[in-house]
Amino acid sequence: MQEGKTPISRRRFLKTSLAAAAIGAGLQGPLVRTLVPEAEAAGSRPAGEVTSHFTACDMCFNRCSMIALKQNGVIKKLDPNPKCLKSRGMICARGNAAVKHIYSPDRLKYPLRRTGRRGEGKWERISWEEALDYTAEQLLEIAEKHTRCGVMFTPGVDSQSRFVQQFADVFGSYNITNHESLCLLSRNRAYLDTFGEMPYPDVLHSRYIIIVGANPLEAFITPDTIDLIEARKQGCKIVVLDPRFTKTAALAHEWYKIKPGTDMAFFLALCHEIVKGERYCCPEKTFGYEQFVEHVAKYPPEWAEKECGIPAEDIRRIAEEITEAAPRAMVYPGRRTSDYEDSTQIRRAMAITNVLLDNWDRPGGLLAAREVGVKSPYYDIPWYDDNPFDRVEAGKATGLFDAIGSFQLMRESVISEEPYPIRGWFSFKTNFMQTAPNRQKTIRMLENIDFFVNIDIFMSDTAWFADVVLPGNSFLERKDPVHPLQGSSACACAFMREPVVEDMFESRPPLWIVQELSKRMGFGHSFDFTIDEYREKQVEGLDGALEILRKDGIYFNPSKVYGIYAGSPLKTLSGVKEIYNQRYERSGDDPMPVYRRPDNPGKDKFRLVVGRTAIFTQSRTNNELLTEFMDENTLHMHPEPASRLGLGHGDLVEVESETGKDRLRLEIDEGIESQTVYMATGFGSLSPQMSLIYKKGASIAEILKDTHDKISGNAAMHETLVSVRKVS
Ligand SMILES: Nc1nc2c(c(=O)[nH]1)N[C@H]1C(S)=C(S)[C@@H](COP(=O)(O)OP(=O)(O)OC[C@H]3O[C@@H](n4cnc5c(=O)[nH]c(N)nc54)[C@H](O)[C@@H]3O)O[C@H]1N2
Ligand SMILES: Nc1nc2c(c(=O)[nH]1)N[C@H]1C(S)=C(S)[C@@H](COP(=O)(O)OP(=O)(O)OC[C@H]3O[C@@H](n4cnc5c(=O)[nH]c(N)nc54)[C@H](O)[C@@H]3O)O[C@H]1N2
Ligand code: SF4
Ligand SMILES: [Mo]
């Protein structure tokens with residue numbers, strides 16, 4: 001292995017990264033000079049045998065199956081597993097850069113306890129024994145004073161999050177939430193309330209795809225990202241609506257620089273045109289078709305043009321083209337929809353367009369969700385008489401998901417102590433200081449939290465404010481349960497991880513942490529199992545699944561892909577596709593989507609929108625290989641308003657909303673709508689131990705307004721209006 005301080009060059013990294021994407025690529029020699037002492041030492045030994053190990057990437061939620069190549073005890077390279085159909089045998093640059101995720105000098109090494117004020121950065125190293133005793137004692141004390149629901153849990157989304165969830169359940173709190181209320185709940189709500197389940201798009205076989213408020217060529221979703229490129233090669237037409245010229249827009253045949261927040265106008269007009277033709281929709285398979293025809297009569301393309309800026313003749317033509325291509329046509333459902341206060345209704349308009357295209361359960365359309373049949377072993381949840389009736393934010397949004405709730409609404413309740421106090425926080429693998437809008441409010445919430453324990457592999461901004469920080473182990477060190485990945489039946493699969501290397505420093509697996517805590521808290525029997533025993537229970541009835549996982553690293557059991565519902569009722573209230581939603585009617589929401597004009601930003605103000613880069617996952621920017629591509633974020637602004645405001649490329653600017661402000665450099669961007677500005681997420685870190693991003697660029701979480709979608713309670717980040725001024 002290469003010694004010395006030279007970091008890998010950007011060009012060399014790109015080359016290796018692309019090579020890794022080629023199916024079956026072999027070992028290309030040492031990739032990274034690690035910064036971990038053991039690994040450094042190993043590097044000076046004679047080259048040992050290279051061994052390969054199945055794992056699955058954990059750099060984002062896609063969890064592409066991977067093969068890790070190890071030599072002298074050090075991970076040298078990560079390759080894609082060609083047998084993984086869901087990821088189409090690919091790993092992306094982030095996956096490849098996972099070597100720097102595990103071998104980062106910033107990794108948390110030992111349990112720490114805060115000694116100064118919160119956020120002051122004064123810590124003492126403590127033993128695991130002490131950390132566990134103290135945490136157990138603090139949690140029990142809060143339960144004693146404020147009931148079990150007085151502790152809230154954010155268990156992350158990970159193969160072992162199930163154990164953190166189980167720990168929260170057995171401990172007895174209902175106040176459990178994860179990142180989903182900052183991500184996709186409004187989309188899920190809309191599709192569940194239309195089709196009875198969250199469908200998976202059959203991108204590969206589609207002939208016409210409209211993509212709105214999504215950017216799958218940068219925000220990777222497998223297999224969609226890869227299939228989109230393949231579908232285009234096969235002649236699929238792609239139309240993109242986005243206020244920014246994204247990579248997906250670059251792939252598209254047509255891109256409309258839409259005014260943000262006006263998508264529903266486009267879809268209502270599109271439906272107005274589609275129902276005139278009555279070509280594809282089958283009214284007998286839907287609930288409320290007649291009412292809908294009447295409803296959209298109010299929304300002709302000429303009206304929509306004034307709202308969203310897309311010419312009426314284009315809307316008419318797209319309606320014609322897409323009905324021609326239907327049922328092998330779709331409005332892509334997208335994923336992150338934490339954007340507007342009527343986000344569920346916007347996605348309902350998109351879902352209803354899919355209903356009219358009659359693409360449900362058919363090739364090139366939307367497919368039924370399926371898992372391979374991995375079981376969730378049963379556990380008892382005790383009853384606590386003194387617990388309150390419901391979760392703390394219950395009833396604060398009409399279509400809140402009972403099991404997930406809403407982080408923002410929960411945060412309001414912690415601050416107001418209504419309807420009851422929450423005084424403890426147990427967090428695993430989430431970083432809400434960077435990913436929840438209004439960072440100052442999260443800091444304010446902590447004033448009401450007596451004890452906060454955080455498990456991470458880095459001193460994230462959130463860990464920085466904790467009372468006890470516990471070092472988790474990374475995915476390359478973990479032995480994980482079998483993990484099912486939901487998809488269409490063509491893509492549903494399962495994987496499991498074996499440790500590629502041993503736990504580094506004093507990092508420990510989540511299961512071990514909750515086992516140790518449970519023993520101390522009197523419910524150790526609930527976690528009296530090993531991962532191996534757990535896996536056996538998970539795969540009961542799946543013949544040979546564990547052997548296949550050991551042999552191939554991935555398990556599929558493909559079945560019928562299309563026509564799964566043939567003749568049988570959907571899981572909706574009416575049993576058919578619901579255009580008119582009766583539950584919404586009962587809860588006082590619009591049973592069919594009604595257009596709400598977004599606020600005009602006003603003179604010299606802008607709407608701040610959020611969006612992914614292909615390089616980073618959410619706030620996980622502190623990676624030496626990835627920051628070579630971008631080491632701070634910039635504010636993207638169209639040249640016209642920039643020159644009007646006297647701002648130039650590279651100027652330091654202050655961006656201010658009603659929520660907060662932060663500073664970063666300006667980037668002139670011809671591809672952005674003129675009243676919209678954009679910056680990447682995951683910069684302007686408060687924690688000095690995120691050494692590559694500490695105070696680099698701005699934290700968008702400081703600026704984003706923390707309002708929410710009125711139905712699902714999902715965050716509504718794009719409701720943020722900002723002013724921008726030059727800092728002299
Ligand atoms: N590389 C990478 N891949 C990822 C992730 C990652 O962090 N990095 N994260 C994963 C996760 S958790 C998720 S949820 C998905 C997210 O996947 P997507 O939802 O596809 O990603 P976003 O980048 O949030 O896409 C939102 C797009 O909407 C545009 N937009 C903003 N406002 C409007 C509007 O009013 N109308 C329209 N039509 N467009 C608008 C934005 O400019 C942006 O391009 O990506 C997943 N994949
Ligand atoms: N401004 C803005 N906010 C957003 C978004 C956005 O695009 N912009 N996107 C939204 C979306 S779609 C989502 S899904 C959410 C995501 O919200 P979060 O889940 O809070 O975001 P991540 O950045 O993925 O944070 C994951 C944390 O887990 C830690 N971690 C990584 N690997 C491990 C591990 O193996 N073990 C442990 N214990 N910890 C680990 C990381 O260091 C990091 O601190 O953010 C939402 N919020
Ligand atoms: S898309 Fe990239 S980061 Fe996400 S799981 Fe796959 S390889 Fe990892
Ligand atoms: Mo997400």
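General remarks:
- In segment 630-664, the residue that is nearest to ARG107 (Cα to Cα) out of those that are in contact with a Leu (Cβ under 9 Å, 6 or more places away or on another chain) and open to solvent by 40 Å² or more (accessible area, probe 1.4 Å) is ASP631.
- Some residue of segment 215-223 being touching a strand residue (DSSP E or B) at 6+ places or on another chain (Cβ under 7 Å) and away from ligand 2 (no atom under 16 Å from the Cβ): no
- Single unsatisfied condition, PRO419 versus (1) open to solvent by 10 Å² or more (accessible area, probe 1.4 Å); (2) within 16 Å of ligand 4 (Cβ to nearest atom): (2)
- Test: residue in segment 692-712 that is within 11 Å of ligand 2 (Cβ to nearest atom), buried (at least 24 other Cβ atoms within 10 Å of the Cβ), more than 19 Å from LEU182 (Cα to Cα) and outside the structural domain of PHE432 (by TED's automatic domain parsing): yes
- The selection criterion, being modelled with pLDDT of 95 or more, open to solvent by 20 Å² or more (accessible area, probe 1.4 Å), in contact with a Leu (Cβ under 7 Å, 6 or more places away or on another chain) and among the basic types (Lys, Arg), does not hold for ARG316.
- Tabulated pairs, segment 37-63, first over 30 Å from ARG335 (Cα atoms) and modelled with pLDDT under 95, second more than 16 Å from ligand 2 (Cβ to nearest atom) and of a type in the set (Ser, Thr, Tyr), C-beta under 7 angstrom, 6+ apart or interchain: GLU40/THR34
- Residues satisfying the stated conditions in segment 45-64, i.e. within 7 Å of ligand 3 (Cβ to nearest atom) and under 20 Å from LYS551 (Cβ atoms): CYS57, ARG63, CYS64
- Some residue of segment 438-454 being touching a Leu at 6+ places or on another chain (Cβ under 7 Å) and more than 30 Å from GLY522 (Cβ to Cβ): yes
- Answer from MET433, MET445 - the residue that is outside the structural domain of ASP706 (by TED's automatic domain parsing) and in contact with an Asp or Glu (Cβ under 6 Å, 6 or more places away or on another chain): MET433
- Qualifying position, being of a type in the set (Phe, Trp, Tyr), open to solvent by less than 10 Å² (accessible area, probe 1.4 Å) and modelled with pLDDT of 95 or more, among PHE266, PHE220: PHE266
- Flag if VAL170 is open to solvent by less than 40 Å² (accessible area, probe 1.4 Å) and either more than 23 Å from the chain's Cα centre (by Cα) or among the basic types (Lys, Arg) (or both): yes
- For segment 621-629, the condition of being of a type in the set (Ser, Thr, Tyr), within 30 Å of the chain's Cα centre (by Cα) and open to solvent by less than 40 Å² (accessible area, probe 1.4 Å) holds for at least one residue.
The values are calculated or read from the model by the stated rules, or taken from the named source; none is laboratory data. Since the model is a prediction, treat every value here as computed from it, not as a measurement. Cβ: placed from backbone, ideal geometry, glycine included. Neighbour counts: every protein chain shown. For accessibility, only protein heavy atoms count, side chains too; no ligands or nucleic acids. Shrake-Rupley method; radii C 1.70, N 1.55, O 1.52, S 1.80 Å.
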